[in-house]
Amino acid sequence: MANEPVVGDKYYFTWGELGKPTVSTKVKLPGLGVLIFDDADAHYAVNNPEIAGFFIRRSKVLGEGLFVVVSRRQSA
């Protein structure tokens, strides 16, 4: 799993690195915190398994150590 931001304050994780969740859940990110993975993220991943990847960042609103998806990988 990535421990360094790839763009600004955003980290990149593939669906596989997140454990391939298929429902909304909280995913533990060793060394970082917890990702709030919602139903829309799960729907995207299940329907795009070959490219599913997520850019995430800390959520100041939700609190310390909590991350949210801010962008999904798109096919070219």
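The values are calculated or read from the model by the stated rules, or taken from the named source; none is laboratory data. Being a predicted model, the structure only gives us computed values, none of them experimental. Using ideal geometry, Cβ is built from the backbone for each residue, glycine included, and neighbour counts are taken over all protein chains shown.
Quick notes on this structure:
- Qualifying residue in segment 12-28 (condition: in contact with a strand residue (DSSP E or B) (Cβ under 7 Å, 6 or more places away or on another chain), in a helix (DSSP H, G or I) and either modelled with pLDDT of 95 or more or over 12 Å from F67 (Cα atoms) (or both)): no
- Those residues of segment 20-68 which are of a type in the set (A, V, I, L, M), surrounded by fewer than 16 Cβ atoms within 10 Å (Cβ to Cβ) and over 21 Å from V6 (Cα atoms), in sequence order: V23, A40, V46, V61, L62
- Figure legend. Inter-residue proximity from segment 36-51: first residues under 25 Å from G63 (Cβ atoms), second residues aliphatic (A, V, I, L, M) and loosely packed, with under 13 Cβ neighbours inside 10 Å, beta-carbon distance below 6 Å, spacing 6+ or different chains. Indicated pairs: A42/V23.
- Screening R58, R72 for residues that are in contact (Cβ under 8 Å) with a residue 40 or more places away in the chain and among the basic types (K, R) leaves exactly one candidate, R58.
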